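Comments concern the structure below.
Any read-out appearing in this document is the output of simple, stated calculations on the displayed coordinates, not a laboratory observation. Just so it is clear, the structure is predicted and the values come from calculations on it, not from any experiment. Cβ placement follows ideal geometry from the backbone for every residue including glycine, while neighbour counts extend to all protein chains displayed.
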Amino acid sequence: MIKHIVLFNVKEGEDKDAVTAIAKTVLEPLAGKIDGLIHAEVERCFNGVDFALYTELESREALAYYADHPLHTEAKSHFFHLLSGRTAADYEV
């Protein structure tokens, strides 16, 4: 299993709660719609970064498939323009 974590920062002047809500609304439902994506969770952070995405995927191949999947690309289009940065970390368990 792969755990894929992405930490996001929202652009200055944007509503962090609203951007988090958008990301949550478009990313969480992808679990079950994209093969290999087992779980997706978006939550607002209280320290360090503005919000985080935590996902569980079946394999490294599933992560690569998810990264380029049209549904994922479309979901990102709803909030990526509101971000000032992001950092991803992946590990296998």
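Odds and ends about this structure:
- Highest average first, the peptides 59-66, 86-93 ordered by how many other beta carbon atoms sit within 10 Å of their residues are 59-66, 86-93.
- Most fluctuating residue given options 33, 76, 11, as computed from a GNM of the chain linking Cα atoms under 10 Å: 33
- Each other residue within a Cβ distance under 12 Å of residue 66 adds +1 if Lys or Arg and -1 if Asp or Glu, for a net charge of -3.
- Its DSSP H runs of at least 4 residues, each contributing -39,500 (n - 2.57), put the calculated 222 nm mean residue ellipticity of the chain at -8500 deg cm²/dmol, to the nearest 500.
- Derived from the Cα gyration tensor, the three semi-axes of the equivalent ellipsoid of the chain are 22, 14, 11 Å, largest first.
- GNM remark for the chain: springs join alpha carbons under 10 Å apart, and the peak mean-square fluctuation among 32, 48, 13 falls on 13.
- Between helix 16-27 and the chain: long-axis angle, C-alpha atoms, 0 to 90°, nearest 10: 20 degrees
- Evaluated with a Cβ-only charge set (Lys, Arg +1; Asp, Glu -1), region 21-70 carries a dipole of roughly 140 debye about its Cα centre, given to the nearest 20.
- Dipole magnitude (debye, nearest 20) for the chain, charges at Cβ of Lys, Arg, Asp, Glu: 140 debye
- Label point distance in nm, residue 68-residue 49, each placed 7 Å from Cα along Cα→Cβ: 2.4 nm
- Residue of 12, 58, 28 that the Gaussian network model of the chain assigns the largest fluctuation, springs spanning Cα pairs under 10 Å: 12
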